[in-house]
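Each remark here refers to the structure printed beneath this line.
What follows is calculated from the coordinates using simple rules that are stated; it is not laboratory data. Quantities reported herein were computed from a predicted structural model and do not represent experimental measurements. Cβ atoms come from the backbone with ideal geometry, glycine included; neighbour counts cover every protein chain shown.
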Amino acid sequence: MSIFSRRTLIGPAILLLAVAILYPAYWYYAAGQVEDQFARWVKIFRAKGYSIQHGPVGVDGFPGVVRLTFENPHLETPDKLALWQGKSAVIAMQPWDWWRYRVEFPNSQSIRLSHPNLKQPLTAAPEKSLVLLHFHRNGRLAEGEARIISMRVTGSASEVVATTGETWAKLSQPETPEPGPDKTQLSLSAAIENLRIPTAADEPLGGDLQRVQFVGDVKGALPRDFTREGMDEWRRAGGLLESSWLNLVWGPLDLRGRGSIGLDDRLRPLASVTTDIRGFAETLEALERARLLKRTAAAALRVALNVLAKPSPADGVKVLSVPLTARDGRLQVGPFQLFKLPTLSLPSRSD
């Protein structure tokens, strides 16, 4: 081998040697930072009144993804109305990206809710859930996404209240919120597949919701809390939920729409939504059988809506395109009133 060939190989060899020496040091430094960040999160939440416990923390994954593993995680809200606990949790991070985290819950979990507005305490048991977190450089959450393979919800007597198929939710927010009622403070999207509510089996549309999807933006300053006072402050500040996609498939009903949703001065839903409705004739029949619509009103609606509906170019099925509005405590389809809407049931800050 000539002297030139040897010199050519010296540079890459030195570089590889440097990487072999420095990368382990960097990896363990990054692992230490993840562990420290987790400890800071726990400290911050405890300072806010949350009860947090967990078993010993272990770090592994070298030379790849940094994995922080701990057993028996337990979190309870300050008001003790929500309790989450599981068998284990794993926080993972690429050692070269400190702003993105993957949180896995590979084993069984339990989420207990006992809000005063609930008729009974509920316990949700998600299966194999996953959370993805992305932070802005200032530490504020940029994006959060949660996925659950399936979930079972039971009541106080262990009876099944609801089951779901795949469920996911995602939110994103700006690094620095801009004030103003027309500024987006939070973007939300969520979907639930195959939601089954056994106690609703005898309801007009049955207890099986094949699909619920929502995509929208929260306008105006975010509510301080979900109390009557908090939501009224949000309403008075111009708070609004603008939906670019809404899809509900419930029995024969397939509703797709977009529009805006808010609250009136009595905290009743205030909405203006443009909808495309399939299965409206079957839905009217179900509401009539359940005596939620009078026979004369149902007959008038059926004639009027059939005139307004048009066949879909895709499959020829009749699609009704009408505005769905909520105002003065009443829900209307076009000019036809369906039923009254209640005031939003929320606790007071003094409760």
(message) Please check: in the Gaussian network model of the chain (C-alpha springs, under 10 Å), which one of VAL160, VAL319, VAL307 has the largest mean-square fluctuation.
(response) VAL307
(message) List the trypsin sites (Lys or Arg not before Pro) within region 123-218 that DSSP assigns to loop and that have no more than 10 neighbouring Cβ atoms inside 10 Å.
(response) ARG137
(message) Counting only pairs 8 or more residues apart or on different chains, how many lysine pairs in the chain have their Cα atoms under 20 Å apart?
(response) 10
(message) Taking the Cα centroid of region 322-350 and of region 176-246, what is the distance between the two, rounded to the nearest whole Å?
(response) 15
(request) Return the single residue from ALA157, ALA286, ALA146 with maximal mean-square fluctuation; model: Gaussian network over the chain, springs between Cα atoms under 10 Å. (result) ALA157
(message) Can you compute 3J(HN,Hα) from phi for each residue in region 115-122, using the Karplus curve 6.51 cos²θ - 1.76 cosθ + 1.60 with θ = phi - 60°, rounded to whole Hz and x for Gly and Pro?
(response) 5, x, 6, 7, 5, 7, x, 10
(message) Could you identify which residue out of ILE192, ILE148, ILE21 has the top mean-square fluctuation in a GNM of the chain using Cα springs shorter than 10 Å?
(response) ILE21
(request) Please report, in debye to the nearest 20, how large the charge dipole of the chain is about its Cα centre when each Lys and Arg carries +1 at its beta carbon and each Asp and Glu carries -1 there. (result) 240
(request) Lys and Arg at +1, Asp and Glu at -1: add these up for the other residues within a Cβ distance under 12 Å of LEU331 and post the number. (result) +3
(request) Kyte-Doolittle cut-off 0.0, length cut-off 15 Å along the helix's own axis using Cα: show which whole DSSP H helices in the chain pass. (result) 3-47, 295-308
(message) Semi-axes of the equivalent ellipsoid for the chain, please: Cα gyration tensor eigenvalues, times 5, square-rooted, ordered largest first, whole Å.
(response) 48, 26, 22
(message) Given contacts defined as C-alpha pairs under 8 Å and at least six residues apart, what's the relative contact order of the chain, whole-number percent?
(response) 8
(request) Compute the semi-axes of the equivalent ellipsoid of region 44-199, taking the square root of 5 times each eigenvalue of the Cα gyration tensor, and list them largest first in whole Å. (result) 27, 22, 17
